[in-house]
């Protein structure tokens, strides 16, 4: 067999054999790399599946009292670069106020944030998670309840917050979770 490059370049038999052996060796190396990559990916998916919420949650949760004015809450959210505040009175979690709440309940209705209290615009029904739950379970709960923020409670105390962003950053290559994250980010009702 003769290998032809272009119209007039031919390679002799001995060079062909050497090239053939080099190509075989390179292809064997690629196959080995694919096997190694598959095994690493499998190990990563196994570790992601057993990942607990406590390992990815934000532990420094910002909370406000229900009686502060909305404009103060907005300033705090901007200062801390966060998308929500938990609303806590004493030891009791009363609600959560998100950017979406502010847009729908203040901006869209042209209400004055200096005259409104956080209690007037917060979401009162707060879905919570447990620090020991698996990340997949938290993502599924968020999807079913149509929420993007999941406060984490232990012994009736807020110990953290898991957001859609936390999940996406942590398990960005896990296709099942990425499907859930994509659905959550595209949903209209929270």
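Can you tell me which residue in the range 134-156 is farthest from residue 100 (Cα to Cα), limited to those that are over 14 Å from the mean Cα position of the chain (by Cα) and buried (at least 18 other Cβ atoms within 10 Å of the Cβ)?
Step one: list which residues in the range 134-156 are over 14 Å from the mean Cα position of the chain (by Cα), which gives 144-146, 151-156.
Then drop every residue that is not buried (at least 18 other Cβ atoms within 10 Å of the Cβ), which leaves 151-152.
Details: 151: 16, 152: 20 Å.
So the residue we want is 152.
Go through the range 100-120 and report how many residues are in contact with a strand residue (DSSP E or B) (Cβ under 8 Å, 6 or more places away or on another chain) and over 29 Å from residue 155 (Cβ atoms).
If we filter the range 100-120 for residues that are in contact with a strand residue (DSSP E or B) (Cβ under 8 Å, 6 or more places away or on another chain), which is where we start, we get 101, 113-119.
Retained after the next criterion (residues that are over 29 Å from residue 155 (Cβ atoms)): 113-116.
Selection size over the range 100-120: 4.
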Output the number of residues of the range 50-105 satisfying the condition of being assigned to a helix (DSSP H, G or I), closer than 20 Å to residue 165 by Cβ and out of contact with any helix residue (DSSP H, G or I) (no Cβ under 6 Å at 6 or more places or on another chain). 12
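Any read-out appearing in this document is the output of simple, stated calculations on the displayed coordinates, not a laboratory observation. Worth saying up front: this structure is predicted, and the values here are computed from it rather than measured. With ideal geometry, Cβ positions are generated from the backbone for all residues, glycine too; neighbour counts draw on all protein chains shown.
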